[in-house]
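Every number in this text was worked out from the coordinates using simple rules, so none of it is lab data. Since the model is a prediction, treat every value here as computed from it, not as a measurement. Cβ placement follows ideal geometry from the backbone for every residue including glycine, while neighbour counts extend to all protein chains displayed.
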């Protein structure tokens with residue numbers, strides 16, 4: 001059954017390639033800021049996460065006299081995952097809830113998030129599973145936003 | 001299972017698992033959208049990255065320059081090195097970028113220009129350093145000024161960058177200086193009064209930056225977090241974090257429980273407190289260097305009680321700074337690291 005072996009290797013290969021950490025994950029959408037902001041939150045919720053908070057970076061800056069375009073941070077997570085991390089993987093606490101920065105660039109909007117997999121650690125496979133899920137979901141959010149017009 | 005059903009299954013499996021490997025031709029537009037458009041704009045008008053669609057750029061650079069730039073990136077200047085892409089994928093991206101070209105690009109030989117480096121240095125300091133930096137390190141920030149006001153509509157790229165120097169032949173650099181790039185702050189130095197000989201001297205000086213390239217920072221292992229144990233109660237620890245932050249000229253902008261917003265109101269874990277603080281001057285400076293840094297601001301320190309201990313934790317800004325491939329952020333992140341360490345130490349004293 002050589003072909004099965006080849007298939008497995010291919011599958012493993014594509015799996016490994018897809019879980020390599022890539023530093024920052026970024027996407028540009030042609031949607032303007034208010035639309036992209038709505039779409040992002042709607043998308044996050046449709047993947048069964050809660051948006052725990054939206055931090056308005058721009059407001060503080062403008063109030064202090066600095067000019068900036070619209071800039072927000074969207075925090076999201078699930079009750080279960082954050083409980084598991086608090087309980088068993090406290091080294092991840094400073095990074096949760098996970099977040100996506102979203103800011104306007106003229107008519108477009110940019111999204112930035114850190115790749116969760118860079119905190120993967122073979123010693124904690126259960127935590128890695130969560131990190132991988134986040135990475136994949138963030139990748140999906142970004143693809144959805146890229147394709148939204 | 002009959003043999004043919006088995007074959008059928010196998011065949012579908014092959015299709016599913018290998019489709020990305022077998023697909024006949026990589027789609028340049030799609031690859032560009034995934035890997036480049038966030039920084040260079042959907043149609044190459046620029047953003048965090050410089051514009052790629054301008055006619056003078058398209059005429060003035062070779063496909064080889066584009067390919068090498070993609071492969072090598074700009075170490076320390078935000079643009080990542082795309083080592084994971086396959087050759088035909090890089091070619092497809094270049095082909096797509098060329099779809100914006102107004103005509104055929106110039107061709108250059110790799111002929112070396114032997115100008116007078118010392119004279120070139122003088123001319124460089126007088127004419128170029130104000131934008132490209134006295135060591136060729138590039139302007140403050142990068143790319144096009146969209147999300148905030150900055151010094152110039154397009155920030156001058158780094159000329160001392162190994163990614164740039166390895167991609168650009170002397171004659172290409174010369175062409176930029178002779179013609180300028182219309183629609184950008186980069187003007188024609190022939191029109192500004194330099195002779196062709198002067199320009200050759202400047203090119204040789206720019207080339208000499210190659211001798212000063214320092215290997216990028218070591219792979220010294222950094223911990224992702226800063227964490228200390230506090231001898232005091234959680235409440236007292238939170239108070240001293242706030243006091244320490246204010247003492248360092250930060251403003252407390254928010255205090256909340258870790259799982260607030262993820263659980264029903266009233267059911268939060270009160271033993272885990274996040275303290276957010278900010279200094280808007282610092283934030284503004286950081287965003288001018290790299291608009292993406294907002295992802296790690298405002299600053300946050302978390303205090304929590306776990307197994308009878310009170311812990312104070314923060315993400316390590318030096319670890320985070322590595323994600324950005326931006327040398328100028330590293331200095332700022334060192335500043336942030338000192339602030340975090342001081343606050344964490346002070347509050348756990």
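Annotations
- Other protein chain Cβ atoms within 10 Å, averaged over every residue that makes up B:288-295: 5
- Neighbouring Cβ atoms from other chains, within 10 Å of the Cβ of residues in A:28-41, number 1 on average.
- Length-normalised contact order for region B:28-212 - Cα pairs under 8 Å, 6+ apart - percent: 26 percent
- Order of A:148, A:52 - criterion: other Cβ atoms within 10 Å of each residue's Cβ, fewest first: A:148, A:52
- The slack between residue B:307 and residue B:195, meaning 0.36 nm per residue of separation minus the straight C-alpha distance, is 32.9 nm.
- Label-point separation in nm, residue B:249 to residue A:123, each point 7 Å along Cα→Cβ: 3.8 nm
- Over the residues of chain B, the helix contribution to mean residue ellipticity at 222 nm works out to -13000 deg cm²/dmol, using -39500 (n - 2.57) for each DSSP H run of at least 4.
- For region B:195-211 and region B:88-124, distance of Cα centres in Å: 15 Å
- When only Cα pairs below 8 angstrom with a gap of at least 6 residues are kept, region B:225-347 shows a relative contact order of 33 percent.
- Across chain B, the mean sequence separation of Cα contacts (distance under 8 Å, 6 or more residues apart), normalised by length, yields a relative contact order of 16 percent.
- Sites residue A:32 and residue B:235 - FRET efficiency at Förster radius 35 Å, r taken between beta-carbons, to 0.05: 0.20
- Distance between region B:233-247 and region B:292-319 - C-alpha centres, whole angstrom: 14 Å
- GNM top mover of A:46, A:64, A:113 - chain A, alpha-carbon springs below 10 Å: A:64
- Take each residue in A:57-65, count the other chain C-beta atoms within 10 Å of its C-beta, and the mean is 4.
- Taking 0.36 nm per residue of separation and subtracting the current Cα-Cα distance, fully stretching the chain between residue B:281 and residue B:140 would add 49.2 nm.
- Its DSSP H runs of at least 4 residues, each contributing -39,500 (n - 2.57), put the calculated 222 nm mean residue ellipticity of chain A at -15500 deg cm²/dmol, to the nearest 500.
- The packing ranking of peptides B:227-239, B:50-62, highest mean first, is B:50-62, B:227-239, where packing means the average number of other beta carbon atoms within 10 angstrom of each residue.
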